[in-house]
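Working notes, beginning with the structure itself.
The values are calculated or read from the model by the stated rules, or taken from the named source; none is laboratory data. For clarity, every value in this text was computed on a predicted model and none was experimentally measured. Glycine also receives a Cβ, built like all others from the backbone with ideal geometry; neighbour counts cover every protein chain displayed.
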Amino acid sequence: MYEGKIIRFYREKYQITQEELGYGICSGTHISKIERLHTEYAPEIITLLSKRLGINIENEITKLKNIKKSLHNWHDVIIMQLFEEMDLINQELEQEELIQISDYINFYKLLRVRYLLMHNLTEEASDIIAEIQKKEDKLSSYEANLFKHVLGVYYLAKHENLKAIQALKSINDTEYNNKEYTYHLAVAYHSIESPVMAYFFADKSRQYFKEINNYLRVIDAEMLMVIQVKDDGDFKEIIQRFKSLIKSCDLCHSPARKAKVIHNLAFEYFRRKNYEPANKYYKESMSLKDSVSTPYLLSLEGYINSAYYGGLLPKDELLQLANEGLETALNKNDQLFINLFTLLSYLIQDKEREYHQYLSEHSLPLFEKFGFVYLIKRSKKELFNYYFKKKQNGKALKMAHVLINH
């Protein structure tokens, strides 16, 4: 079963014709049948052909069989988010030539997309996705559902939250036993400010992570659940839950997760207009992140906003920070943060007209395209207040109508 595929792979690799390979051993026609698994053959023939190709056929068969095991291990560590093991397996698989003739080549490509997305390499991931889409009808039922999961994660990385929900909700969980997708579905619902659905799917993912003893991901799910609680009545309890999560991150030696938890704690203070503690926690979160990463830009935007509204930093320092964020966003071609830092720049410089014009013509359409509900609501309220203040009654009434219907 494996011998013919291996013989063909190395023959083509070394650019040898079937006749050249078979010279003095068997006919080219016979080799063609061996490669296509259309004939019986003597073991001695395989031994002679392997020797001519300079390979040990038994070793090659073992390597081909082990690909399946390596891929399933890779899948597990991706779910567990064990980055060192993930990188090691990736290196091993990249060096394995026989993966191209493996029955699991599609599985490999799908996991490769997951791996690239976890390293924020969205453009490389996009190329593989386009390749897979051309042969989607050849995927097994499990691979087809994994592809939907992969697409959901890809759309989340591109801030296309509505598309992410559409892809993830189409997964058939009777054919797909990786319930990790419920976490990504929760993230997507959180991004469009649907707290009930976000809490529901975050809780489902928490149960799944507990079942597989993945305590780091339990922290992720519980954090997502905490930030869905919008009841401001007992803020002390929410703060305590956040601090408990921070302690769990320390116990698990996970600074990346700690940075996320602290960022969300900062936002809870910010939305309550407690700008000084918000600013403090945004800064602490930034200190745990790569300064050119998207998560860093997210915390930097919060840090600048909290400092601006809290009057905590001079304007020239705020403007410098906004320009640094904009430069990083431009280098990454991240349209969301290009817009956010451009708006901050106008805001800090008191360029009211330019701010609202940019908000109306550029930012709001972008937020609506990607489904950023929080930013959409905030933008429409700002535009209504601005039009009302400037006595642009027609625009104000139009925006009021939009807000009421929303």
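Select from the range 335-379 the residues that are β-branched (V, I, T), under 23 Å from Q320 (Cα atoms) and under 21 Å from the mean Cα position of the chain (by Cα) and list them in ascending order. Matches in the range 335-379: I338 only.
Which members of the range 82-101 meet the condition of being closer than 23 Å to D220 by Cα and surrounded by fewer than 19 Cβ atoms within 10 Å (Cβ to Cβ)? Those that are closer than 23 Å to D220 by Cα and surrounded by fewer than 19 Cβ atoms within 10 Å (Cβ to Cβ): L82, F83, E84, E85, D87. For Y374, state whether it is buried (at least 18 other Cβ atoms within 10 Å of the Cβ) and either not in a helix (DSSP H, G or I) or not assigned by TED's automatic domain parsing to the domain that holds A329 (or both). No: the conditions fail for Y374. Only residues that are more than 19 Å from L82 (Cβ to Cβ) and under 20 Å from the mean Cα position of the chain (by Cα) were counted across the range 207-222, and they come to 1.
What residue, of L64, L21, L82, L71, is aliphatic (A, V, I, L, M), under 28 Å from Y108 (Cβ atoms) and over 45 Å from the mean Cα position of the chain (by Cα)?
None of the others qualify; the one that does is L21.
The one condition from (1) surrounded by fewer than 16 Cβ atoms within 10 Å (Cβ to Cβ); (2) at pLDDT below 95 that Y104 does not meet is (1). Here the range 261-305 is the region considered, the condition is being in contact with a Pro (Cβ under 7 Å, 6 or more places away or on another chain) and not aromatic (F, W, Y), and the residue that is nearest to A157 (Cα to Cα) is K289.
Filtering the range 129-174 to residues that are closer than 19 Å to I79 by Cβ, under 18 Å from the mean Cα position of the chain (by Cα) and among the polar types (S, T, N, Q) leaves only N145. Of the residues making up the range 141-168, those that are of a type in the set (S, T, Y) and either under 28 Å from F337 (Cβ atoms) or free of Cβ contacts under 8 Å to residues at least 24 places away in the same chain (or both) are Y154, Y155. Checking each residue in the range 303-326 for being exposed (fewer than 15 other Cβ atoms within 10 Å of the Cβ) and either at pLDDT below 95 or touching a Phe, Trp or Tyr at 6+ places or on another chain (Cβ under 7 Å) (or both) picks out only Y309.
Selection within the range 377-388: residues that are under 19 Å from F267 (Cβ atoms) and free of Cβ contacts under 8 Å to residues at least 24 places away in the same chain. The member of this set that is surrounded by the fewest Cβ atoms within 10 Å (Cβ to Cβ) is K381. Number of residues in the range 6-31 that are surrounded by fewer than 16 Cβ atoms within 10 Å (Cβ to Cβ), small (G, A, S) and part of a helix (DSSP H, G or I) equals 1. Output yes when any residue across the range 345-363 is out of contact with any Leu (no Cβ under 8 Å at 6 or more places or on another chain) and among the aromatic types (F, W, Y), and no when none is. There is at least one residue in the range 345-363 that is out of contact with any Leu (no Cβ under 8 Å at 6 or more places or on another chain) and among the aromatic types (F, W, Y). Of the residues that make up the range 74-81, is at least one surrounded by 15 or more Cβ atoms within 10 Å (Cβ to Cβ), in contact (Cβ under 8 Å) with a residue 12 or more places away in the chain, outside any helix (DSSP H, G or I) and not aliphatic (A, V, I, L, M)? So far as the range 74-81 goes, yes, one or more of its residues are surrounded by 15 or more Cβ atoms within 10 Å (Cβ to Cβ), in contact (Cβ under 8 Å) with a residue 12 or more places away in the chain, outside any helix (DSSP H, G or I) and not aliphatic (A, V, I, L, M). The single condition from (1) charged (D, E, K, R); (2) surrounded by fewer than 17 Cβ atoms within 10 Å (Cβ to Cβ); (3) not assigned by TED's automatic domain parsing to the domain that holds Q95 that K69 fails is (3). Within the range 218-258, the set of residues being assigned to a helix (DSSP H, G or I) and without any contact (Cβ under 8 Å) to a residue 24 or more places away in the chain comprises V218, E222, K236, E237, Q240, R241, K243, S244, I246, K247, D250, L251. The set of residues in the range 41-54 that are over 15 Å from Y2 (Cβ atoms), in contact with a helix residue (DSSP H, G or I) (Cβ under 9 Å, 6 or more places away or on another chain) and not in a helix (DSSP H, G or I) contains only G54.
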